[in-house]
1. How many percent of DSSP beta bridges within chain B run antiparallel, rounded to 5?
2. Among bridges DSSP assigns within the protein assembly as shown, what percent are antiparallel (round to 5)?
3. So what are the radius of gyration and Dmax for the Cα set of the stretch B:24-85, in Å?
4. Output the relative contact order of chain B, whole-number percent, from Cα pairs under 8 angstrom with separation of 6+ residues.
5. Highest GNM mean-square fluctuation, chain A, Cα pairs closer than 10 Å: which of A:132, A:74, A:107?
6. Is there a simple number for the mean count of other chain Cβ atoms within 10 Å of the Cβ of residues in C:113-121, and what is it?
7. Pairs of alpha-carbon atoms within less than 8 angstrom and 6+ residues apart define the contacts here; what relative contact order does the stretch B:449-553 have, in percent?
8. Return a whole-number percent for the relative contact order of the stretch C:103-236, with Cα pairs under 8 Å and 6 or more residues apart as the contact set.
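Every number here is computed from the coordinates shown, using simple stated rules; none is lab data. Computed from a prediction, not measured in an experiment: that's the story for all the values here. Note that each Cβ is placed from the backbone with ideal geometry, even for glycine, and that neighbours are counted across all protein chains shown.
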Ligand SMILES: Cc1cc2nc3c(=O)[nH]c(=O)nc-3n(C[C@H](O)[C@H](O)[C@H](O)COP(=O)(O)O)c2cc1C
Ligand code: SF4
Ligand code: SF4
Ligand code: FES
């Protein structure tokens, strides 16, 4: 039997959750022995595979690209994990929500810009009206809050999942 | 109700206050409604002008008189001619000539015009003087049996006997919950502490309700008398009437009435030449719905922010300034003097069809019914009689869809229950609530999800903000309903909403939050298909809601 | 002489004197009932609803912090249903304002944050309200960030009942409810505030904080205020 496949994706987040994943240190080796890491910002694959068993999603759904990506990921994934506060609550990316996109852009790109005052247009994906937690867009199977979640919690959760147990995330909390 | 025993005969009306007084006994009287609804259509000017015109016409045997609410508010300004049973509708200050002519030719020959069912099916207890007496004239009140009850109580009954009489009458609180009035009085009487206080709850905050306002505007002495009797029964010496400031006419009439009652020895010290003393002050509320909740009302009288507190302790034990306090609704007090005068048995025989609910209830009929206005009916009358006989049926002959009772904590009752009796228990059984007496009739042009949203919007705005389930919960529920109304919700959202509604109901501190989810529950109970239509088919069956175009990302 | 009542909480036999609340007796017996608006030393208001318990024979929930004990009461302080209610209340508090624990001055010192963890809340099902609310940093030493306020009114009560300044009060209602200084004037212009800092110390979240503190550095535990409050209020009777 082939090993289960593991993926991680990164939407609107700061990469801190991925750093915390790396903080599992030598246990990473063990995890990659038990599962194939098939897609991640920290590996080379360019295309998200057709089917993945477990996928960690960092970051909120903020842009049209995020929206497109998370829908695709959800379709191809068996167990989807909202990984860290941005994915779980929208956290820091969500701080713009009360403000709204146009005033936000005005402030960031016009008022506070020293040179080249103009709104971004072609290259960057368009922002959605609000940054949303992943589960407000697609179904989420496991929530692991934390900013970032502690490495031990990440390891224990993956350990449980790979062993076929219901993951225990006791001790996880919003923030630190 | 034919089985209703007749009240004791009352002296003939004295005429001639506020308008034009005849020299001898009047041949006919023009009773001009001067309650808020008609006053807002210039009935006070009509009163003045008609008095002048009657004098000009030399009709010295015609009295023109200011009276309280005549009931059919939507058809106002109204003038009644009690001697002939005529009710003139839609009178204006410029169309008084025909009125004068009618008064000239009217001959009271005992042959009264047959009354419409709107009037004939009503049984008037709390509103018995409404539209008959001059609301500012204490002599007129006394001429109609006013203050007989107070005299009787003070001179020939002990406080315990009075409480017993009220208990046996079966009177229950008319402010909403229907708590036994006699039991409440007894609890206050037995509570330790002095002084004790009596409060009249005239905050009347339900949207569309105006029962208490009409009573205060039309027969204020009756409420003062009821409070004085209550004060005697619970041995209190000070009273407050907490009235919303949006009722300026009611407040003005109350103040006049209090002044006149003090002058005539029915308030103040040594009332009716006995050693019983009791005085009343008016306190104005700023119109927050929650200030009608008894503990919030008390906080407001004390000068604090009007927010409820957990009960127990109940006000009967620790109320105003921490002292035992009796708090009853306007209409509750308005029934008291009639009960004392006519006896507990007389009262409890009214509305025999009402089971554990006795007597009458005043309702404000509103919505898609032909006769909107104020009605008083015996407990146990069927919804059908109220809507079709008294209310005259649905406007334009459209199909009846539902009736909403109980205000923002109430529910919608569908057509299948039109033959149910209207009483406290029956209403609860079908998922609604008596409330203070608002009754909104809806036809097929009403969307029930929209109705639920309307009431949730009201609760959200009126939540005092003290406890999170109500403060946050009503806002969340409102947004969920709004999402359904605009066709953006899913069936999971509906499930989520039901779950949250149950939690808000269970965990909120006071009746506002606990009752707020009721309109959701009752509309879901009887009209779930309308919710589903908005969500699944993305249509509003009644054509009320604007469904947003489909492509919105969820 | 005070009467002693015996009764049970979660099946455990307990005893208390007649003037005690369920919460007081529970605490004395090591039974943990979650609270947010309760604060030792100031008057309880039964507002946050977190401490609600079931009393056998009553169909209403009773807030433990304001409900007097009675002989023979059978109290359920922990059950699956109560857990569901408490989780829902915590969730509503999070949804009401903009709580971003990661960047909050009270991160790791916040009672709301701890309460969420203790109740196993890993995410929120309710949609966030995301209101636009402000920050008042006009005071020389302190600031209030309404994004974090849960309206427990500890600040209002401690300022009024202990400090005697009554700088804080409440304005508006429903979801618009806000705590205010001097009837709505900026805190820095307050003529009643004595700058004692009691409100900052008792605030359960990062709503009230000392200026100049970085994220997660707004520890409220450095001054042992809470026992002090209780002693003061007991002395005053
Ligand atoms: C949110 C809320 C609003 C209320 N508003 C009123 C009101 O406007 N008038 C009223 O008489 N009772 C109102 N009540 C009921 C009162 O709390 C109280 O039960 C009543 O005045 C008692 O009088 P009764 O026994 O004569 O009905 C309200 C209750 C709640 C929970
Ligand atoms: S239920 Fe609503 S109105 Fe009642 S105390 Fe709570 S917030 Fe205030
Ligand atoms: S500022 Fe803090 S102490 Fe004051 S009400 Fe808000 S959360 Fe409570
Ligand atoms: S601690 Fe009891 S209601 Fe808040």
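1. 50 percent
2. The antiparallel fraction comes to roughly 50 percent.
3. So, for the stretch B:24-85, Rg and Dmax equal 11.5, 35 Å respectively.
4. RCO, chain B: 13 percent.
5. A:107
6. 3
7. Taking the mean separation of contacting Cα pairs over the length of the stretch B:449-553, I get 33 percent.
8. Once normalised by length, the contact order is 34 percent.
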